[in-house]
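Below: the structure, in structure tokens.
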Amino acid sequence: RAVQFILTRPEHDDVSLGLNAHEGKWWLRDSGRHYAAVIDTCESCRLTTGFELVAWADVPRANIRMVDGSPFQLEAGTLAHYDSSPGIQRDFCMRCGATVFFRKDGRKPEVWDVAVGLLQAESGARAEEWLGWEAQISFGEEAVDRGLARMLEEGLKSWRERKRDHSES
């Protein structure tokens with residue numbers, strides 16, 4: 001826990017994110033109540049993390065804050081950075097090696113991928129009170145084990161349907 005941050009609810013106004021009212025908020029799900037979350041199987045993330053699946057949440061930088069509520073500082077704690085490829089920065093903890101953020105130059109608004117495994121939510125590892133999970137695997141075509149990716153995607157779809165059915169009853 002040498003790198004600490006909090007997420008604020010996705011209620012920032014469009015002006016603070018540099019948007020106009022007509023632009024889509026691709027990082028939001030469930031009528032703007034949750035951040036988009038996805039299981040990623042791309043080769044780059046696999047090689048960086050050493051595992052074939054990575055869970056990311058898309059969060060505007062404006063909603064990533066220091067524990068005291070101030071804007072997040074990239075010099076926080078033991079956070080270190082490197083360019084994994086042109087225009088791509090990855091952040092990790094120098095103490096334990098945990099992946100923290102994936103950042104891409106030129107993303108407007110500035111939205112970072114936050115490693116979901118670091119979040120501490122009341123609902124547990126899926127942080128469902130904060131995240132709206134995609135039922136599609138990101139970069140499934142790059143998965144080392146495409147069968148695993150396909151079964152995981154089927155499971156995610158089934159889980160979402162059961163969750164939807166439960167909320168409607």
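The values are calculated or read from the model by the stated rules, or taken from the named source; none is laboratory data. In this text the structure is predicted, and so the values were computed from the model without any measurement. No Cβ is skipped: glycine too gets one built from the backbone with ideal geometry, and neighbour counts run over all protein chains shown. Ligands, DNA and RNA are excluded from the accessible area calculation, which covers all protein heavy atoms including side chains. Shrake-Rupley method; radii C 1.70, N 1.55, O 1.52, S 1.80 Å.
Details
- Contacts under 6 angstrom Cβ, first residue in the stretch 24-50 being touching a residue at least 60 places away in the same chain (Cβ under 8 Å) and on the phi < 0 side of the Ramachandran plot, partner part of a strand (DSSP E or B) and of a type in the set (Lys, Arg), 6 or more apart: Ala36/Arg29
- Residue count for the stretch 149-169, restricted to those that are free of Cβ contacts under 8 Å to residues at least 12 places away in the same chain, in a helix (DSSP H, G or I) and small (Gly, Ala, Ser): 3
- Some residue of the stretch 138-148 being within 13 Å of Ala37 (Cα to Cα), open to solvent by 80 Å² or more (accessible area, probe 1.4 Å) and in contact (Cβ under 8 Å) with a residue 12 or more places away in the chain: no
Residues checked against (1) over 13 Å from the mean Cα position of the chain (by Cα); (2) more than 16 Å from Ile6 (Cα to Cα); (3) modelled with pLDDT of 95 or more:
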| residue | (1), (2), (3) |
| --- | --- |
| Ala80 | yes, yes, yes |
| Ser84 | yes, yes, no |
| Gln89 | yes, yes, yes |
| Cys96 | yes, yes, no |
| Phe102 | no, yes, yes |
| Arg107 | yes, yes, no |
| Asp113 | no, no, yes |
| Gly117 | no, no, no |
| Gln120 | yes, no, no |
